[in-house]
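*Asks:* I have a structure here, written as structure tokens, and I will follow up with some questions on it.
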Amino acid sequence: MEWFCHYLLVLLLTVNGFLIDEKFQLKNRLGRTLVLGGGIYDDNNTEIYGTIVRLAGGVNHAKLGIVLAASGDFNATCTFYVNVFLDMYHAHSVYCIPINVNTTSANSDPHVIERIKQQTAGSSYNALQFGTYDGSVVSDRDYQLYDKEGGVGLLDGFIIDAHFSDRGREGRLIRLLSDTRHLHHGTDWGFGIDEDTALVITNVGTENEKAEVIGYKGVFFADVSQSNITAKYNSYSIGNVMVHYLTHGDSLFLKNKTIIFSSTKSLMSGFERNSRARTSKDIFNSNITISHSNEPLPVHYPEFVKVANSLFDSKLDNVSYGDTYEHNPTFRVFMSRSGAGAKGYTERGQEFQTNDITSYKNLQVNITSLG
């Protein structure tokens with residue numbers, strides 16, 4: 001399948017893709033390795049940087065290609081990563097692949113890279129209110145834009161977003177999937193990678209494609225294959241979106257969508273710590289300041305993450321909701337863990353509720369405008 005997200009998605013979204021040179025693949029791997037990052041890495045994030053160097057052949061051998069898809073200052077960003085990988089993590093070489101907001105024509109250069117797919121601009125609220133638009137027709141970056149001709153295609157079958165939970169992008173990814181899944185390059189699945197988090201994908205292009213989460217936060221997966229939609233001007237509703245959120249050590253087989261939770265986590269059912277689930281008056285809050293300097297976990301969570309996690313950690317509630325801060329219309333995000341296969345897993349922190357590493361699968365999400 002070709003990708004429908006092309007230069008506008010690359011142009012407007014910062015996804016740092018680290019391409020691992022094939023000749024340094026570990027033995028018995030069937031395909032290449034791809035590391036997709038959510039952005040804003042401290043230079044001391046040793047797990048992400050160290051994993052990339054290790055997968056690429058190790059210290060003094062790793063040859064890296066980096067896609068800085070939407071860097072406003074390509075040269076400065078490239079210099080930062082080159083210095084980090086060469087000076088601190090001792091890679092052999094680093095090549096910044098020239099696909100960015102200033103060189104979108106490189107997307108079609110076969111010598112640069114084949115094709116990728118990413119996502120675009122617009123807040124969750126704007127996307128839910130106004131929908132998504134073909135970027136060849138509409139150029140207003142306040143709206144969610146896509147390119148129906150596709151992207152660069154490093155990974156087949158998914159729309160990719162970054163800076164994800166940190167900027168409240170759950171609504172816009174769901175809307176983009178639902179608006180474009182019928183197109184030639186459309187897909188039912190998308191994922192968003194949080195900041196200081198990465199998704200390591202091995203055996204890319206084979207039936208054994210496997211993605212594993214590393215880093216401080218998580219990766220959000222949305223499936224709209226069974227969703228139903230009602231859309232008209234200034235009003236939008238979508239039901240039966242299945243959502244999964246994976247954190248450190250969790251993995252997903254991309255072809256058959258099998259989720260495997262880390263062995264460090266335990267099933268939450270029967271061991272919930274709270275009586276009731278949270279609700280929210282600003283469900284796509286993107287102004288969360290998260291401290292993560294060399295810590296294993298963020299101290300504070302964005303609103304969508306907090307409400308969803310609290311639902312699986314609730315003794316009494318199987319449903320919860322959050323409203324958008326914006327109104328006219330207000331959108332309400334309903335969450336339910338009542339469906340088949342809905343499960344939450346956690347690795348409890350040492351301090352009560354402050355450092356839990358929580359994941360879940362098969363959370364049912366419905367979004368509707370309240371007027």
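*Asks:* Taking the criterion of being open to solvent by less than 50 Å² (accessible area, probe 1.4 Å) and either at pLDDT 80 or above or within 24 Å of the chain's Cα centre (by Cα) (or both), would at least one residue in region 26-33 satisfy it?
*Replies:* yes
*Asks:* For region 208-258, list the strands (runs of 3 or more DSSP E) that sit wholly inside it and hold at least 3 residues that are open to solvent by less than 50 Å² (accessible area, probe 1.4 Å) and under 22 Å from Glu303 (Cβ atoms); which are they?
*Replies:* 218-223, 235-247
*Asks:* Filter region 326-371 for residues that are closer than 23 Å to Leu246 by Cβ, open to solvent by less than 30 Å² (accessible area, probe 1.4 Å) and either hydrophobic (A, V, I, L, M, F, W, C) or part of a loop (DSSP other than H, G, I, E, B) (or both) and give the result.
*Replies:* Of everything in region 326-371, those that are closer than 23 Å to Leu246 by Cβ, open to solvent by less than 30 Å² (accessible area, probe 1.4 Å) and either hydrophobic (A, V, I, L, M, F, W, C) or part of a loop (DSSP other than H, G, I, E, B) (or both) turn out to be Val333, Met335, Ala342, Gly349, Asp356, Ile357, Leu363, Val365, Ile367.
*Asks:* Kindly evaluate Asp156 against the criterion of being over 21 Å from Val219 (Cα atoms) and either modelled with pLDDT under 90 or not β-branched (Val, Ile, Thr) (or both).
*Replies:* So Asp156 fails the test.
*Asks:* Considering only region 43-101, state which residues are among the acidic types (Asp, Glu) and either modelled with pLDDT of 80 or more or surrounded by 17 or more Cβ atoms within 10 Å (Cβ to Cβ) (or both).
*Replies:* Asp43, Glu47, Asp87
*Asks:* Restricting to region 109-153, what's the tally of residues that are modelled with pLDDT under 75 and of a type in the set (A, V, I, L, M, F, W, C)?
*Replies:* Adding up the residues that qualify gives 5.
*Asks:* Which residues, counting only those in region 310-325, are of a type in the set (Ser, Thr, Tyr) and surrounded by fewer than 23 Cβ atoms within 10 Å (Cβ to Cβ)?
*Replies:* Scanning region 310-325 gives Ser314, Ser320, Tyr321, Tyr325.
*Asks:* Which one of Leu176, Leu199, Leu183 is at pLDDT 85 or above, among the aliphatic types (A, V, I, L, M) and surrounded by fewer than 22 Cβ atoms within 10 Å (Cβ to Cβ)?
*Replies:* None of the others qualify; the one that does is Leu183.
The values are calculated or read from the model by the stated rules, or taken from the named source; none is laboratory data. Note that the structure is predicted; figures quoted are calculated from it, not measured. Cβ atoms come from the backbone with ideal geometry, glycine included; neighbour counts cover every protein chain shown. Note: accessible area is taken over every heavy atom of the protein model, side chains too, but ligands, DNA and RNA are not part of it. Shrake-Rupley method; radii C 1.70, N 1.55, O 1.52, S 1.80 Å.
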